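> Questions regarding the structure given below will be posed in turn.
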Amino acid sequence: MRFSSFIRKLKKIAGRDAVLDRSEDLMLYEYDGGIQTASPQVVFFPQTTEQVCRAVKLANEAEVAIVPRGAGTGLSGGALARQGGLVLAFSRMNRILEIDPDNQRAIVQPGVVNLDLSHAAAPYGLYFAPDPSSQKACTIGGNVANNSGGPHTLASGVTVNHVTGIEAVLPNGRVVEFGGKAADGCGYDLTGFFVGSEGTLGIATKITVKLMRLPESVATLLAIYNTIEEAANSVVAITAEGVTPAALELLDGWTLRTVEAATHAGYPMDSGAVLLIEVEGMREAVEDQAEAIRQVCRQQGAREVRRARDDHERQLLWAGRKNAFGAVGRISPSYYVQDGVIPRTRVPDTLRRIEEIGKKYSLTIGNIFHAGDGNLHPLILFDPRDADQTKRTLAAGKEILSYCVSVGGSITGEHGVGMEKNEIMGLLFSDDDLDVMQRLHDAFNPASTLNPQKMFPSTRSCREIAASPVLTQAVIEGNRPGAQV
Amino acid sequence: MNAVAAQAPVAEELARIAGSHALIKDDNLETYRVDGMVPAAVVMPESVEQVAEVLRFANAEKLVVVPAGGFTQQQTGRVPERIDVVLSTTRLAGIQHYDAGDLTIGAAAGTTLAQLDAALAANGQFLPVDVMMPERATIGGVLASAAHGPLKHGYGGVRDFCIGVTFVTGDGRVAKGGGRVVKNVAGYDLMKLMIGSYGSLGVIASANFKVFPRPGNKTGTSTFVLEFPSLREAMQFRDKLRASALTPICCEIVSPRASEYLSEKQGTAREVEEIEPGSFSMKSASANRAWQILLRATGSERVLERYRRELGGKEVRGREESELWRRVANFQAGVVDRHRNAMLMAVSLPPTAAENAIVAAEKAGLDNNLLAPTIGRVAVGAMVMAFVPLSVDPPSAMQFANAASAFRATLPRDASAVVLRCPQEAKAYFDVWGTSPTDLGLMRAVKRALDPNNILNRGRFVV
């Protein structure tokens, strides 16, 4: 099938306005929230599962690669059309199909925005727990693909802990179901396996999620330190104390000053680091835990532990945290955010190591991260127009991740592998590990027509690059620095 | 090729791989019987490399392998087509790493829950898996069967806190998923595939977990025993509780019949006391007729004070409390102790379907001369239902099959009711797994991907 005929048929599925194929429109789809780019040849906006099936089958006939995309807030290139082809954008498949307060479940289409679901559930005293910083924009479908986390996943778990059922379209166009409203079922847990598969196994078209009861009481604390070491040691001590906060975030001095300048959240400009700590639950338990945390922080050298007096103060403190990446964007042409994970006891020495790496490569690195679960987000500032700086930035990023792995950690805690870290999967996994994962990939997606060249190192996916003429004629990739991480 | 003819060369090769001391001698093979079938050989490798070598050999020879841990749950599954080798993880045991400061632990698959618990208790921590027979149950077996106990209410299942796994595929490849940190999205989540796969996709060699502060270590725990004259009232209480701010770590319903298996006498050398036909109403009049909900809370004294204020009911603490929960966790074993022929089902459903399911189980039981004592995590929809013979006559296989089918027919589409155990004869008349909402074709594809020659637990699992 000629590409023009593919486009023509695509336009028949849901109308002309459900298809974008002009280059100025496609430019909007060559980015995500990260630093890589790759342009699709066409974007289709399905409204129903049936339309997804038809588009998938059509793409198969035309031998066009398919990449599902939510809001494009991802940070690892998972929703970029690395090999060109068709992007399925889910912004029109955004209905909440059911809220079942008695079973604490919701059934949603993949394009539903994360925060919209919590708002819709609020009248029932419920909410959707995973809360990525991008939750005002990111979609549940994207959360499923990336097994997204967020600050409040420390106590309540990441996306996979909150998904009980999935309807998905397979790369061959077949619609399948996994699970349902029941939390467990008989047979393989393909629901759990699908979550976090980064759009490489199938396209989620309907998702059943758990809703949690809104806590009766919340306490938000801001522990202020003169040095980052004291803050890091407090993280270790709080974990050891046996208190599990709902959230435990660390911002270093540089980052909190940058954030404060942008959002006026009330962070102290002269401190070395702060911990933003939240405990929630039963009123009495919250008071107990807040007190225990206050004591631990003071023992570890906090010069002050503030507590948000009301919801407004609380929102303000969180606004600072959740808008931090944006604040950094105000002062640097670009930044490269890492997503390494380390055992929590290694937070202090890892921060020292990151500082050394920054000095070694002459780069500014800000630290803002989910300290409670050891999920670091070092922000490396750079100017993409400066080739040498860009090179140093990528090298520093890799060195930070290598260090995380060397202390028993991981290369990604919540952002995913995508096309950003696929080449360094070997740091974590042996050839045999990857072979077994590849076999599972092939059981779902044998020809790699769905989200090709993601997650696996390219050395093992050579076979999939031998693609169709349609694909090779217009692969537009890597026109920005960093595309070849 | 029949199993006996194959026996000698198979044993020879297994001895070459794992040493002759790793083989069970002929006379003792009987004890490794699965559904009446005696394996041709039993091997106990002591390293993941040996497991891989055993499986590569078995795969090449197309020998059927049954992975085994503490043998507490081998009754689950369809009757095997045949068993050539039981691969026991008994010698694959021990804590591999434990960093109390990080609240993470890793252990080999044959490590028992009791061993793991002893290590964790020394640091005031625990793994919230309270299944029956912890001295025998292994972590590999718990993962393979997705086993859970009352703590699932507050902590979730192993799916929620297993952070890494190493296993060997049917064709002898060693693979790992996840890692040692509590948050990690690198690569496919192979833990989820292993959990609940009943040894049909791979032999689990070791696993890593995130662990939790032990309730009662720095804070107190208390259990509130609440009694209700009817199931309806018990369920209304459950709904009120779910809408409240209280966050108990256990919320277990105990049907009047089930409470008999939690009584003081349970677990002692008590005479088997079958219930006679016709005496049902009289017996039940004398027995405890109340529906109970057992709520376990943890926290400071002021937290527990609030539970007292809002719940009332009888409060149990200390040794009596831990003994009560030990008995609840051992409910299945308690039933089987008294009724060799009992059928046990694990039922998972949306919480609102629990009430109908309990009623339906009792009716399906009575229609087939069976009683249906029920316990379970009623607020999260994870129940255990026993079907025990009402008469002194040995029950017929058809009674179990009919009861299971009648009960399953009442459940919502996405619920599942898996038979954990039943008399072997009954397995010929119905499917112990029942239906699954999950796509069968894909499950088969996953099985083929990891066990291409179908040597692992052939014929026993869903696919």
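The values are calculated or read from the model by the stated rules, or taken from the named source; none is laboratory data. Remember, predicted model here, so these are calculated numbers, not experimental data. Reconstructed Cβ throughout: ideal geometry from the backbone, glycine too, with neighbour counts over all protein chains shown.
> How many residues does the range A:100-124 contain that are touching a helix residue (DSSP H, G or I) at 6+ places or on another chain (Cβ under 7 Å) and either among the small types (Gly, Ala, Ser) or crowded, with 18+ Cβ neighbours inside 10 Å (or both)? Let's see the steps before the verdict.
If we filter the range A:100-124 for residues that are touching a helix residue (DSSP H, G or I) at 6+ places or on another chain (Cβ under 7 Å), which is where we start, we get A:101-103, A:106, A:108, A:110-112, A:114, A:117.
Next, from what is left, pick out any that are either among the small types (Gly, Ala, Ser) or crowded, with 18+ Cβ neighbours inside 10 Å (or both): A:103, A:106, A:108, A:110-112, A:114, A:117.
Residues meeting the conditions: 8.
> If I filter the range B:439-458 for residues that are surrounded by fewer than 21 Cβ atoms within 10 Å (Cβ to Cβ), among the basic types (Lys, Arg) and not in a helix (DSSP H, G or I), do I get at least one hit?
no
> Same structure, new question: Criterion first (of a type in the set (Gly, Ala, Ser) and either closer than 27 Å to A:HIS441 by Cβ or at the interface with chain A (Cβ under 7 Å from one of its Cβ atoms) (or both)) does B:SER405 satisfy it?
no
> If you take just the helices (runs of 4 or more DSSP H) that sit entirely in the range A:180-296, which of them hold at least 2 residues that are at the interface with chain B (Cβ under 9 Å from one of its Cβ atoms) and at pLDDT 95 or above?
It comes to A:190-194.
> Quick check: is even one residue across the range A:71-79 within 20 Å of A:GLY180 (Cα to Cα) and not hydroxyl-bearing (Ser, Thr, Tyr)?
Looking for residues that are within 20 Å of A:GLY180 (Cα to Cα) and not hydroxyl-bearing (Ser, Thr, Tyr), one finds none in the range A:71-79, hence no.
> Would you tally the residues in the range B:306-362 being more than 14 Å from chain A (Cβ to nearest Cβ) and within 18 Å of B:PRO389 (Cβ to Cβ)?
Total meeting the criteria: 16.
> Do we have any residue at all in the range B:370-382 that's under 22 Å from the mean Cα position of the chain (by Cα) and in a helix (DSSP H, G or I)?
No, that holds for no residue.
> Next up: Just a yes or no: is a residue in the range A:435-449 basic (Lys, Arg), within 14 Å of another protein chain (Cβ to nearest Cβ) and not in a loop (DSSP other than H, G, I, E, B)?
Yes: the range A:435-449 contains one or more residues that are basic (Lys, Arg), within 14 Å of another protein chain (Cβ to nearest Cβ) and not in a loop (DSSP other than H, G, I, E, B).
> Looking at the range B:103-131, I want the residues that are within 14 Å of B:CYS162 (Cα to Cα) and more than 14 Å from chain A (Cβ to nearest Cβ) and have a partner that is of a type in the set (Ser, Thr, Tyr) and not in a loop (DSSP other than H, G, I, E, B) with Cβ atoms under 7 Å, at least 6 apart or on another chain. Which pairs are those?
B:ALA107/B:SER206; B:ALA108/B:SER206; B:ALA109/B:THR138; B:ALA109/B:SER206
> Could I ask something else about it? Within the range A:365-392, count every residue that is touching a Phe, Trp or Tyr at 6+ places or on another chain (Cβ under 7 Å), more than 14 Å from chain B (Cβ to nearest Cβ) and in contact (Cβ under 8 Å) with a residue 60 or more places away in the chain.
Count: 3.
> Right, here's the next one. Might you check whether a residue that is of a type in the set (S, T, N, Q) and over 29 Å from B:LEU294 (Cβ atoms) occurs anywhere in the range B:184-194?
Here is the first cut: in the range B:184-194, the residues of a type in the set (S, T, N, Q) are B:184.
Those left that are additionally over 29 Å from B:LEU294 (Cβ atoms): B:184.
Yes, the range B:184-194 contains a residue that is of a type in the set (S, T, N, Q) and over 29 Å from B:LEU294 (Cβ atoms).
> Of the residues B:ASN402, B:ASN369, which is of a type in the set (S, T, N, Q), touching a residue at least 60 places away in the same chain (Cβ under 8 Å) and either over 20 Å from A:TYR188 (Cα atoms) or in contact with a Lys or Arg (Cβ under 6 Å, 6 or more places away or on another chain) (or both)? Lay out the reasoning, then the answer.
Working: B:ASN402 fails: touching a residue at least 60 places away in the same chain (Cβ under 8 Å).
When all the criteria are applied, what remains is B:ASN369.
> Among the residues of the range A:330-342, are any closer than 17 Å to A:ALA273 by Cα and surrounded by 19 or more Cβ atoms within 10 Å (Cβ to Cβ)?
No: the range A:330-342 contains no residue that is closer than 17 Å to A:ALA273 by Cα and surrounded by 19 or more Cβ atoms within 10 Å (Cβ to Cβ).
> Kindly indicate which of B:SER222, B:SER197, B:SER206 is of a type in the set (S, T, N, Q), facing chain A (nearest Cβ under 9 Å) and either under 16 Å from the mean Cα position of the chain (by Cα) or not in a loop (DSSP other than H, G, I, E, B) (or both).
Result of the check over B:SER222, B:SER197, B:SER206: B:SER197.
> Sort out which residues of the range B:180-207 are touching a residue at least 60 places away in the same chain (Cβ under 8 Å) and either over 25 Å from B:THR76 (Cα atoms) or small (Gly, Ala, Ser) (or both), and write them in order of number. Before the answer, list the steps.
First, pick out the residues of the range B:180-207 that are touching a residue at least 60 places away in the same chain (Cβ under 8 Å): B:180-182, B:193, B:197-207.
Result: B:ARG180, B:VAL181, B:VAL182, B:SER197, B:GLY199, B:SER200, B:GLY202, B:ALA205, B:SER206, B:ALA207.
> Does A:ASP131 fit the bill of being more than 19 Å from B:ASP439 (Cβ to Cβ) and either facing another protein chain (nearest Cβ under 7 Å) or surrounded by fewer than 21 Cβ atoms within 10 Å (Cβ to Cβ) (or both)? Quick ask: steps written out before the conclusion?
Details: more than 19 Å from B:ASP439 (Cβ to Cβ): yes; either facing another protein chain (nearest Cβ under 7 Å) or surrounded by fewer than 21 Cβ atoms within 10 Å (Cβ to Cβ) (or both): no.
The answer is no for A:ASP131.
Yes/no per residue for (1) out of contact with any Lys or Arg (no Cβ under 7 Å at 6 or more places or on another chain); (2) under 30 Å from A:VAL243 (Cα atoms); (3) assigned to a strand (DSSP E or B); (4) of a type in the set (Ser, Thr, Tyr):
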| position | (1), (2), (3), (4) |
| --- | --- |
| A:ARG352 | yes, yes, no, no |
| A:LYS359 | yes, no, no, no |
| A:ILE368 | yes, yes, yes, no |
| A:LEU379 | yes, yes, yes, no |
| A:ARG392 | yes, no, no, no |
| A:GLY397 | yes, no, no, no |
| A:GLY408 | no, yes, no, no |
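> Which number in (1) buried (at least 23 other Cβ atoms within 10 Å of the Cβ); (2) facing another protein chain (nearest Cβ under 8 Å); (3) small (Gly, Ala, Ser) marks the one condition that A:GLY142 misses?
Result: A:GLY142 fails condition (2) only.
> Same structure again: Can you tell me which of (1) surrounded by 17 or more Cβ atoms within 10 Å (Cβ to Cβ); (2) not in a loop (DSSP other than H, G, I, E, B) is the one B:PRO248 doesn't meet?
With (1) surrounded by 17 or more Cβ atoms within 10 Å (Cβ to Cβ); (2) not in a loop (DSSP other than H, G, I, E, B) applied to B:PRO248, the lone miss is (2).
> Looking at this structure, is A:GLY173 touching a residue at least 60 places away in the same chain (Cβ under 8 Å), part of a loop (DSSP other than H, G, I, E, B) and crowded, with 23+ Cβ neighbours inside 10 Å?
Against the criterion (touching a residue at least 60 places away in the same chain (Cβ under 8 Å), part of a loop (DSSP other than H, G, I, E, B) and crowded, with 23+ Cβ neighbours inside 10 Å), A:GLY173 does not qualify.
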